[in-house]
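First comes the structure, then the notes that go with it.
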Amino acid sequence: MVKPPGRYAALIPGLVVGGAVLLFALFTYGRAICLDAYGTTTGAEVVAVRDSRPFTVTVRPDDTGRPVKLWARSGSFEVGDTLTVTRWGGLVKDSRAFAPDETPWLAGFGAVTVAGQLFATYRIRRRAREGELYGS
């Protein structure tokens, strides 16, 4: 006979998804902090702009001369514009931006999902302790 799923089986996918999204957002914030702390500031020229989804801006930093995509940006650009960028390793971001635009939304979604799942777990445990579940 098949063992019925436990009380928490329905909550595990939500915890996994919420936790993964929250960790991704925190990792992105960590990259932004490292880029600000260890990066070098240089000028750059915009060489390509893609207006469709995902919106990307390609720049050519003055110190390397090779085109790279901006990791985080602030505002809109046109080809030929010059801007100040912060570069660290393979990451390049607009110096006015902190992290990609969608990072706060991801962090909020992950935090709310995890909090909701943990609250549901608390309610299930409390009801089980009081004998309201499964005819206890």
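The values are calculated or read from the model by the stated rules, or taken from the named source; none is laboratory data. Please read all numbers here as calculations on a predicted model, not as lab measurements. Don't worry about glycine lacking a Cβ; one is built from the backbone with ideal geometry, like all the others, and counts go over all protein chains shown.
Details
- Scanning region 47-77 for residues being farther than 11 Å from Asp94 by Cα and of a type in the set (A, V, I, L, M) gives a total of 4.
- Restricting attention to region 17-28, the residues that are surrounded by fewer than 16 Cβ atoms within 10 Å (Cβ to Cβ) and within 26 Å of Thr86 (Cβ to Cβ) total 4.
- Residue satisfying all of: in region 36-63; modelled with pLDDT under 90 and of a type in the set (A, V, I, L, M); nearest to Arg125 (Cα to Cα) among these: Val57
One line per residue, one yes/no per condition, for (1) among the β-branched types (Val, Ile, Thr); (2) surrounded by 11 or more Cβ atoms within 10 Å (Cβ to Cβ); (3) in a helix (DSSP H, G or I); (4) in contact (Cβ under 8 Å) with a residue 24 or more places away in the chain:
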site: Ala72; (1), (2), (3), (4): no, yes, no, yes
site: Gly75; (1), (2), (3), (4): no, no, no, no
site: Val92; (1), (2), (3), (4): yes, yes, no, yes
site: Gly116; (1), (2), (3), (4): no, yes, yes, yes
site: Arg123; (1), (2), (3), (4): no, no, yes, no
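- Filtered residues of region 50-70 (kept if surrounded by fewer than 16 Cβ atoms within 10 Å (Cβ to Cβ) and hydrophobic (A, V, I, L, M, F, W, C)): Phe55
- Conditions (1) modelled with pLDDT under 90; (2) loosely packed, with under 13 Cβ neighbours inside 10 Å; (3) not hydrophobic (A, V, I, L, M, F, W, C); number of the one not met by Gly14: (2)
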